[in-house]
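Engineer: Starting off with a structure, shown below.
Derivation of every value follows stated rules applied to the coordinates shown; laboratory data play no part. On a predicted model such as this, the values are computed, not experimentally measured, just so you know. Positions of Cβ are backbone-derived with ideal geometry, glycine not excepted, and every protein chain shown enters the neighbour counts.
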Amino acid sequence: MAYKKWKDVDQVKRYALGRYRSWDQRWIDKREKKIVQGLFTKHKIRGIILDIPVGSGRFQPLLSEFGDVLSADLGYMPVLYQKERVGICCGSINANAGQIPLQTNSVDIIFCFRLFQHMHKRKERVAILREFKRVSKSWVVVSCYLSSVLHNIHRRIIQQPSRITILKKREFKAEINEGGLKLIEMTSVVPGLHANRICLFSTKGSA
């Protein structure tokens with residue numbers, strides 16, 4: 001798994017302050033939050049939400065509008081950051097997305113943002129989807145990177161700080177089926193320009 005643990009609370013804080021500082025990233029941030037809010041509102045999604053990985057807690061204020069939020073991450077630092085600096089979640093746990101220490105059907109929604117592009121092996125992504133189906137009673141929201149010509153060109157021209165996995169749509173749909181989820185809706189953050197997609201799944205039957 002390519003997703004790494006945070007070193008300390010200050011690293012989480014620096015990320016939170018700097019990641020979406022530029023105008024284009026602020027725009028992407030607003031677009032993503034608008035889409036997520038629209039999905040929750042349109043499908044009347046409410047209940048206990050597991051935010052995994054919570055990272056800097058960017059979506060915590062928005063998610064809290066739709067229910068009680070549990071935060072989870074691989075390592076203690078983001079969890080500590082949530083308790084000390086954000087203070088919105090009603091509980092925090094250390095958790096690997098593929099092995100969540102919660103009982104079956106223990107939450108209503110799992111929210112997983114900007115993790116899948118860091119998972120470079122199919123079996124890891126499928127294992128995570130299966131675990132999400134087990135833990136969530138009803139809904140799963142996942143962001144993923146699907147092939148976009150302009151975004152691919154951009155990443156080749158401009159050196160990026162990290163490697164990401166960009167899947168073809170048919171590959172991801174096959175993984176969704178293998179994970180046992182049903183795709184309800186898929187929205188592009190910036191159609192034609194950005195590879196990020198926000199997907200809503202139902203845990204009640206596969207597509």
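Engineer: Taking θ = phi - 60°, what integer Hz values does the Karplus form 6.51 cos²θ - 1.76 cosθ + 1.60 yield along the stretch 182-198, in sequence order, with x for Gly and Pro?
Structural biologist: Karplus-based 3J(HN,Hα) across the stretch 182-198 equals 10, 6, 9, 7, 10, 10, 7, 5, 9, x, x, 10, 10, 7, 5, 10, 10 Hz.
Engineer: Which of the peptides 57-70, 127-140, 169-182 is most tightly packed, and how do the rest follow, going by the mean number of other Cβ atoms within 10 Å of each residue? Mind showing how you got there, number by number?
Structural biologist: Numbers: 57-70: 19.3, 127-140: 21.6, 169-182: 17.3.
The densest-packed peptide leads the list: 127-140, 57-70, 169-182.
Engineer: What FRET efficiency comes out for I166 versus Q25 if R0 is 25 angstrom and r is the Cβ-Cβ distance? Round to the nearest 0.05.
Structural biologist: Computed FRET efficiency for I166 and Q25: 0.85.
Engineer: Then there is this: Taking 0.36 nm per residue of sequence separation and subtracting the Cα-Cα distance, how much length would be gained by fully extending the chain between K33 and S147, in nm to one decimal? Kindly include the intermediate steps, with their values, before the conclusion.
Structural biologist: Values: separation 114, 0.36 × 114 = 41.04 nm, distance 2.15 nm.
Extra length available between K33 and S147 comes to 38.9 nm.
Engineer: Right, another one. Students often get this wrong, so check it: of K121/K173; K13/K168; K42/K137, which have C-alpha atoms separated by over 23 Å?
Structural biologist: Cα-Cα > 23 Å for K13/K168; rest within.
Engineer: G91's amide H: which non-local residues (gap 5+, or another chain) put their own amide H closer than 5 Å, with H modeled 1.01 Å from N in plane and none for Pro or chain starts?
Structural biologist: Amide H to amide H, under 5 Å and 5 or more residues apart or across chains, G91 pairs with S71.
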